[in-house]
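A short write-up of the structure that comes next.
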Protein chains: 2
Amino acid sequence: MKNVTINDVAHEANVSKSTVSHYLNGHFTKMGPETRDRIARAVSKLDYSPNHIAKSLKNKRTMTIGVIVANILHNFSTRVIRSIEDFAHGHGYHVIVCNTDNSSDKEADYIRMLMAKQVDGLVVIPTAKNEALFTELAEKDYPVVFIDRYIEGVPIQSHMLDNRMSVKMAFNHLYEKGHREIGFLTEPVEAIVARQERYDAYLEFCGSYGTHPIPIQVEKEEMVPELEQSAAQGSLPACLIVANDLALFELLKVAKQRDVRIPGELSIISIDDIEFADFFNPGITVIAQPAVEIGTAAVSALFEMMNGRKNATGIERFQPYLIERESVKQYEGQ
Amino acid sequence: MKNVTINDVAHEANVSKSTVSHYLNGHFTKMGPETRDRIARAVSKLDYSPNHIAKSLKNKRTMTIGVIVANILHNFSTRVIRSIEDFAHGHGYHVIVCNTDNSSDKEADYIRMLMAKQVDGLVVIPTAKNEALFTELAEKDYPVVFIDRYIEGVPIQSHMLDNRMSVKMAFNHLYEKGHREIGFLTEPVEAIVARQERYDAYLEFCGSYGTHPIPIQVEKEEMVPELEQSAAQGSLPACLIVANDLALFELLKVAKQRDVRIPGELSIISIDDIEFADFFNPGITVIAQPAVEIGTAAVSALFEMMNGRKNATGIERFQPYLIERESVKQYEGQ
DNA sequence: TTGTATGCGTTATCAT
DNA sequence: ATGATAACGCATACAA
């Protein structure tokens with residue numbers, strides 16, 4: 001099944017392909033009305049549709065961007081991707097989605113492949129270890145923006161939650177409810193900035209509020225056994241700030257298994273809203289982050305760069321907001 | 001910043017570009033070892049990387065496939081996309097993700113654009129209204145597979161859940177627990193085959209088990225008010241088969257608001273597993289579907305087609321499985 | 001073993 | 001108003 005090309009159309013309409021090209025690009029002033037008609041007929045007769053690859057080769061624009069995330073299964077990533085795809089589609093662009101699983105090798109691989117494919121820009125939730133590669137991109141003025149994380153020393157703009165503020169709001173909410181025994185549950189902080197920032201903020205506020213820090217930092221897989229044990233020995237703090245939705249899942253599993261009452265025995269406030277938090281029993285009080293706004297702002301900035309505005313390099317912070325539900329106990333006597 | 005091309009490399013290495021091309025494609029037998037070295041040095045010195053677009057134009061393969069779903073935010077779609085991306089990545093392919101929001105216009109748009117971009121294949125969860133377009137694709141032997149739905153009369157292979165079986169399992173489970181008042185909650189069936197199949201199966205089993213059908217078919221947005229009202233007048237059935245996770249969300253919201261006890265007053269079994277079902281209170285009994293398997297089988301079939309095997313056209317069914325938790329009440333006296 | 005020439009399907013420059 | 005021709009960056013058939 002041979003594909004019909006601009007040549008076929010030209011032949012069918014008895015004109016040169018340059019004229020057809022003009023027609024296709026809307027330069028109607030450059031041809032007589034009857035040739036225009038003839039071309040129109042030829043196009044629809046042959047059911048011609050331009051080869052975008054050839055176009056891209058010539059124009060050096062593929063109308064495609066790449067989105068690289070750790071894992072599309074994460075709630076935050078899904079929402080971000082959706083908002084990016086919406087924006088891109090609104091501008092005639094397509095989106096290639098990639099999962100790194102937090103492997104920087106896979107990340108580097110994807111980046112190189114996407115560049116080879118000449119995508120017009122990249123939005124990425126970066127792993128921590130490709131500073132050199134990213135710096136190189138930035139120096140080449142290749143359009144890239146970060147989301148959710150940034151890399152120290154790499155001049156690429158990032159759009160992320162005000163993590164410190166999110167912890168501050170959580171902490172403050174708990175404190176106002178009379179809590180003084182405030183723990184913090186997180187996956188290992190490692191080199192993931194978002195986690196680091198939240199953890200640091202927690203420590204900071206323990207200091208400024210004068211409470212004793214009770215950090216629980218444990219691998220996701222070991223979270224359930226670890227928490228089980230604490231629950232069994234009754235050493236769980238009276239209340240917990242949970243660093244993200246994945247940690248929340250694990251905590252809730254344990255709470256159910258060990259039958260710890262929320263908020264009776266354990267108060268919970270979690271960072272990042274999750275759909276079921278609303279109708280869970282009890283409803284989970286949450287510090288939500290505006291994923292759609294973040295995603296949209298990021299692509300939006302990317303498109304500015306792709307259209308030649310100079311690369312911004314700062315960090316754009318987005319404000320979290322408290323959604324109060326029922327998972328935090330109010331101390332009456334306080 | 002001019003991009004370095006195969007010509008630059010050829011020049012740098014003092015060979016012709018054909019030799020470089022051979023080198024790049026691993027045809028090392030076709031050159032002397034020292035020219036090979038020279039080219040290697042030139043490549044790394046210039047930091048050359050082949051332009052994939054030019055390659056695609058020549059080879060007529062973009063190493064890219066398109067995935068079209070209704071909404072990436074749906075749990076099922078997310079999991080399917082993840083499995084597809086994994087498979088594709090394993091074969092050196094990239095994935096363009098598109099959301100139709102169930103609009104067939106948007107769908108047609110995406111399909112045309114993706115074909116213009118010469119993607120090598122398409123996996124789609126089709127809306128109901130583009131029979132003509134899809135039929136055309138099939139006739140052109142363009143590699144396409146469906147997931148989750150199919151279109152009557154369109155010769156494109158689909159990979160989907162055995163919907164009838166899923167309802168049968170749900171119905172049977174309920175019946176065995178002693179239930180005789182079994183309702184069915186669904187979004188409007190309309191032209192969505194998956195919904196239709198589940199609904200039809202429900203009716204069928206009402207017949208064969210001899211129970212009175214209590215279908216509740218209502219738009220997602222109106223589900224809450226509708227259910228609220230039923231709850232208020234106490235006209236909710238004793239037990240409900242819920243057609244999918246979205247409907248389950250709405251139901252759970254109402255249950256919480258009106259304080260209807262599950263499974264005390266209302267037993268629930270839902271089709272399609274969802275993460276929180278496990279640690280929800282009570283745990284939601286569920287008929288799960290193997291999203292990853294379905295996605296993987298679909299891409300796998302797609303790749304067969306892309307590699308020239310003839311288009312299969314049947315419907316591939318996948319078996320659901322019961323995950324029993326606590327949302328179904330056991331009638332003792334039965 | 002290496003090079004020349006041509007084509008992939010466009011756009012764009014420059015004639016006519 | 002229309003057409004011939006040269007790129008774009010690569011692969012390949014054919015020569016040398």
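The values are calculated or read from the model by the stated rules, or taken from the named source; none is laboratory data. None of the values given here were measured: they were computed from a predicted structure. Heads up, the Cβs are rebuilt from the backbone with ideal geometry, glycines too, and the neighbour counts pull from every protein chain shown. Note: areas computed on protein heavy atoms with side chains; ligands, DNA, RNA excluded. Shrake-Rupley method; radii C 1.70, N 1.55, O 1.52, S 1.80 Å.
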Of the listed links A:117/A:220; A:106/B:310; A:45/B:129, those spanning more than 26 angstrom between alpha carbons are A:117/A:220; A:106/B:310
Given the candidates B:319, B:248, B:270, the one whose Cα lies deepest towards the positive end of the charge dipole of the range B:185-334, counting +1 at each Lys or Arg C-beta and -1 at each Asp or Glu C-beta, is B:319
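Tell me the mean residue ellipticity at 222 nm calculated for the protein assembly as shown from its helices only (DSSP H runs of n ≥ 4, each -39500 (n - 2.57), averaged over every residue, nearest 500).
Using -39500 (n - 2.57) per qualifying helix, the result is -14000 deg cm²/dmol.
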For the protein assembly as shown, the dipole about the Cα centre with charges only on Cβ (Lys and Arg +1, Asp and Glu -1), to the nearest 20 debye, works out at 2900 debye
Comparing each residue of the range A:277-296 in the complete protein assembly with the chain by itself (heavy atoms, probe 1.4 Å, ligands and nucleic acids ignored), those losing at least 50 Å² of accessible area are A:279, A:280, A:281
Counting only DSSP beta bridges fully inside the protein assembly as shown, the antiparallel percentage to nearest 5 is 10 percent
Per principal axis, largest first, the Cα atoms of the range A:156-298 extend in Å by 47, 33, 29
Taking the label point 7 Å from Cα along the Cα-Cβ vector, the copy-to-copy distances for residue B:213, listed from shortest in nm with one decimal, are 6.3
Here, residue A:220 and residue B:200, labelled 7 Å along Cα→Cβ, have an inter-label distance in nm of 3.9 nm
Here the correct list, in nm and shortest first, of distances from residue A:257 to the same site in the other copies, label points 7 Å along Cα→Cβ, is 3.5
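Under a 1.4 Å probe, what is the accessible area of chain B per residue, stated in Å²? Don't jump to the answer; show the numbers that get you there.
On the way: 14580 Å² over 334 residues.
Here the residues of chain B average 44 Å² of exposed surface.
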A student applying the Cα gyration tensor rule (rounded when a/c is under 1.5; otherwise prolate if a/b is larger than b/c, oblate if not) would label the protein assembly as shown oblate
Sorting A:201, B:48, B:301 by the position of each Cα along the dipole of the protein assembly as shown (Lys, Arg +1; Asp, Glu -1; all at Cβ), the one nearest the positive end of that ordering is B:48
Measuring from its Cα centre, the range B:236-311 shows a charge dipole (+1 at each Lys and Arg Cβ, -1 at each Asp and Glu Cβ) which, in debye to the nearest 20, is 160 debye
homo-copy label distances at residue B:54 (7 angstrom along Cα-Cβ), nm, one dp, ascending, are 1.8
Relative contact order of the range B:240-334 (C-alpha contacts under 8 Å, at least 6 apart) in percent is 33 percent
So residue A:315 and residue A:181, fully extended at 0.36 nm per residue minus their Cα-Cα distance, gain in nm 44.9 nm
Percent antiparallel among DSSP beta bridges confined to chain A, rounded to 5, stands at 10 percent
Taking A:140, A:253, B:30 and ranking on accessible area (1.4 Å, protein atoms only), highest first, one gets B:30, A:140, A:253
Buried by partner chains in the range A:83-99 (accessible area down by at least 20 Å² vs chain alone, 1.4 Å probe, heavy atoms, protein only) are A:85, A:89, A:94, A:95, A:96, A:97, A:99
Using alpha-carbon positions, the gyration tensor of the range A:44-121 gives root eigenvalues a ≥ b ≥ c; with a/c under 1.5 called rounded, otherwise prolate if a/b exceeds b/c, else oblate, the class is oblate
The size of the Cβ-based charge dipole (Lys, Arg +1; Asp, Glu -1) of the range A:163-289 about the Cα centre, to the nearest 20 debye, is 420 debye
Given a Förster distance of 25 Å, the FRET efficiency implied by the Cβ-Cβ spacing of residue B:17 and residue A:18, rounded to the nearest 0.05, works out to 0.35
Note on the range B:107-154: residues buried by at least 20 Å² of accessible area once partner chains are added (vs chain on its own, 1.4 Å probe) come out as B:110, B:113, B:116, B:117, B:118, B:140
Checking the range B:287-334 for trypsin sites (Lys or Arg not before Pro) in a loop per DSSP with at most 13 other beta-carbon atoms within 10 Å yields B:309, B:310
By accessible area (1.4 Å), largest first, A:127, A:313 order as A:313, A:127
Reported to the nearest 10 Å², residue A:74 has, with a 1.4 Å probe, an accessible area equal to 60 Å²
Asked for the total accessible area buried by A and B (1.4 Å probe, Å², nearest 100), one would answer 4800 Å²
Scoring chain A by relative contact order with C-alpha pairs under 8 Å, at least six apart, yields a percentage of 17 percent
Across B:44-54, the residue-averaged tally of Cβ atoms belonging to other chains within 10 Å stands at 4
Heavy-atom accessible area of the range B:6-50 with neighbours in place, 1.4 angstrom probe: carbon+sulfur share in percent works out to 49 percent
Taking a ≥ b ≥ c as the square roots of the Cα gyration tensor eigenvalues, with a/c under 1.5 meaning rounded and otherwise prolate when a/b beats b/c or oblate if not, chain B comes out prolate
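Rounded to two decimals, what is the ratio between the C-alpha radius of gyration of the range A:238-334 and 2.2 N^0.38 Å?
So the Cα radius of gyration is 1.45 times the expected 2.2 N^0.38 Å.
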Along the dipole axis of chain B (charges at Cβ: +1 for Lys and Arg, -1 for Asp and Glu; origin at the Cα centre), the most positive-end residue among B:167, B:232, B:96 is B:96
